[in-house]
Amino acid sequence: MKKPLLFLAILASSFAGHSQNKIITVSNSLPIDREFETIELTKKSLGLPTSVKLENYAVKEVGSNTFLESQGVDNDGDGTVDVLLFQPKINASSSKDFEVLVAENSTASKTISCYSRFVPERTDDYAWENNKVAFRTYGPVAQKMVENKIAGGTLTSGIDAWLKRVDYPIINKWYEKATNGTGTYHKDTGEGLDNFHVGDSRGVGGIAVKVDDQYYFSKNFTTWKTITTGPIRTSFILTYADWDAKGNKITESKLISLDYGSYLSRFEINITGTKSIAAGLTLHDKKGTIGTNIKEGWLSHWEPIDDSEIGTGIVAPKNTLTSFDNHITEDKDLSNLYGNIEVKNNKAIYYVGFGWKKGSPFQNQKQWETYLSSFAKKINNPLVVKVKK
């Protein structure tokens, strides 16, 4: 389903000559069409005074009265919107002009396609999704249950994949039927299911630190903070208790975001105590096939899952994915394909996600890896925004 455009009840002509309206040019340097890529506009980048409210602004193509969906985000939680998000469609090797204008009386969209929340009713998961994929990971209560030998707990900092096959939100619906006893998300009734095993593995993008040929990793997250949900992006922060990697004290937090139309979440790892991290993809029962391209900056794993197949993948910005380790062991759940990513200024960034054969256009390993390769090209050649006036 195509992303809906937002129609505002204000004619663009009524804002002609408004001193705080801006014309921007968005340019695509690649010979491929671009969509589902998020532009971030700030007051500074637009040359707007600090007194204006970005949430009062909207975006439309120049020469059109059709407004694009947009989302204001307060990144630092101070009550002021810091960035205005929108997703243009730009043809190959071309540019397009947009007007960013005050639209205080607009009928703003209430659609929340990109959603995340803490889930206390299922122990203490944190789950997130967009129109393509869904994920979850596990909190301190689930950890304590395992440590105290109480049934139903989970001890892992790995990332779980929820295999959805519909473009509408399913997190609340799936948890509700599981908690009220009307169903289970471990069975596919047409929307998808959770049949992806994580255990002690890294799942889809959990991290480890390697010291002397041994991998070490954190336990469950200890605190969470939701930053935003909306039509274009959900983002949140997970923090972890300090952990030990053979005498090295590691501090870790994750800023995770997922944008509309993407099969990959963005992970920004804030970490001390190591100069590199190993972001992992579980190899499950080792029946899958790996793919690697260090030059382009991606790793993939394609494997059977029940009566279908799934691809998982990691993409890192140019020259930050230094090597990989196809780590095979007989220890339960500890076989992972690791991508070694540089830590710069206590930070490492990568994108990670999956494509399920039943819930995506990716029907084989080649198609999945073509997506990862294209994704890598796009993050290394982002759309360029210039303010014209």
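The values are calculated or read from the model by the stated rules, or taken from the named source; none is laboratory data. Keep in mind that this is a model prediction, so the values were computed, not measured. As a convention, Cβ positions derive from the backbone with ideal geometry for all residues, glycine included, and neighbour counts pool all protein chains shown. Accessible surface is based on the protein model in full, side chains and every heavy atom, while ligands, DNA and RNA are left aside. Shrake-Rupley method; radii C 1.70, N 1.55, O 1.52, S 1.80 Å.
So if I place +1 on the C-beta of Lys and Arg and -1 on the C-beta of Asp and Glu, and nothing else carries charge, what would the dipole magnitude of the stretch 30-73 be about its Cα centre? I want it in debye, nearest 20.
Numbers: 5 positive and 7 negative charges, 67 e Å.
About 320 debye.
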| message | I'd like the carbon and sulfur percentage of the solvent accessible area for the stretch 275-323, probe radius 1.4 Å, heavy atoms only, ligands and nucleic acids excluded. | response | 47 percent
| task | At a 1.4 Å probe radius, which order do ILE207, ILE379, ILE328 fall into by accessible area, largest first? | result | ILE328, ILE379, ILE207
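Not counting the cut sites, what is the longest span of the chain without GluC sites (Glu not before Pro) that DSSP labels loop and that have at most 13 other Cβ atoms within 10 Å? Don't jump to the answer; show the numbers that get you there.
Details: sites that count: GLU35, GLU104, GLU330.
Longest gap between qualifying sites, sites excluded: 105-329.
How much area per residue is accessible in the stretch 107-151 when the probe is 1.4 Å and only protein heavy atoms are counted (Å²)? Display every interim value, and only then the final one.
Working: 1920 Å² over 45 residues.
Each residue of the stretch 107-151 exposes 43 Å² on average to a 1.4 Å probe.
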| query | Given the options GLN71, GLN143, GLN214, which has the most mean-square fluctuation in a GNM of the chain, springs set between C-alpha atoms less than 10 angstrom apart? | reply | GLN214
| query | In the stretch 210-268, what trypsin sites (Lys or Arg not before Pro) fall in a loop by DSSP, with at most 12 other Cβ atoms inside 10 Å? | reply | LYS246
| remark: In this structure, the FRET efficiency calculated for SER253 and SER64 from their beta-carbon separation, with R0 = 30 Å, to the nearest 0.05, is 0.10
| Which labelled figure in (1) 1.01; (2) 0.92; (3) 0.97 is Cα Rg over 2.2 N^0.38 Å, once derived from the coordinates | (1)
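Can you give the accessible area per residue of the stretch 263-389, in Å², using a 1.4 Å probe?
Values: 5790 Å² over 127 residues.
Here the residues of the stretch 263-389 average 46 Å² of exposed surface.
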| said: Could you sort TRP162, TRP243 by their accessible area in this structure, using a 1.4 Å probe and putting the largest first? | reply: TRP243, TRP162
| said: Give the lysines reachable from LYS287 as a straight Cα distance under 23 Å; neighbours fewer than 8 places away on the same chain don't count. | reply: LYS164, LYS187, LYS332, LYS357, LYS358, LYS366
| With contacts defined as alpha carbon pairs under 8 Å and 6 or more residues apart, what's the relative contact order of the stretch 118-219 in percent? | 25 percent
| Estimated inter-spin distance, GLN20 and VAL387, nm [label 7 Å along Cα→Cβ] | 1.3 nm
| message | For the stretch 149-206, I need the span (max minus min coordinate) of the C-alpha atoms along each principal axis, in Å, sorted largest to smallest. | response | 29, 27, 16
| query | Within the stretch 49-76, what residues put their amide N at less than 17 Å from the label point 7 Å along the Cα-to-Cβ vector of ILE112? | reply | 70-75
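Per the 1.4 Å probe, what fraction of the accessible area of the stretch 145-259, in percent, lies on carbon and sulfur atoms? Don't jump to the answer; show the numbers that get you there.
Working: 2440 of 4870 Å².
The nonpolar share, carbon plus sulfur, comes to 50 percent.
Note the per residue figure in Å³ for the convex hull of the C-alpha positions in the stretch 240-306. Before the final figure, lay out the partial values.
On the way: hull volume 10.7 nm³, N = 67.
So the per-residue hull volume is 159 Å³.
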| request: Taking the Cα centre of the stretch 318-361 as origin, work out the dipole magnitude from +1 charges on Lys and Arg Cβ and -1 charges on Asp and Glu Cβ, in debye rounded to 20. | output: 360 debye
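For the stretch 331-389, which chymotrypsin sites (Phe, Trp or Tyr not before Pro) are both in a DSSP coil and crowded by at most 13 other Cβ atoms within 10 Å? Intermediate values should be presented prior to the final figure.
Values: sites: TYR338, TYR350, TYR351, PHE354, TRP356, PHE362, TRP368, TYR371, PHE375; in loops: PHE362.
Sites meeting the loop and neighbour criteria: none at all.
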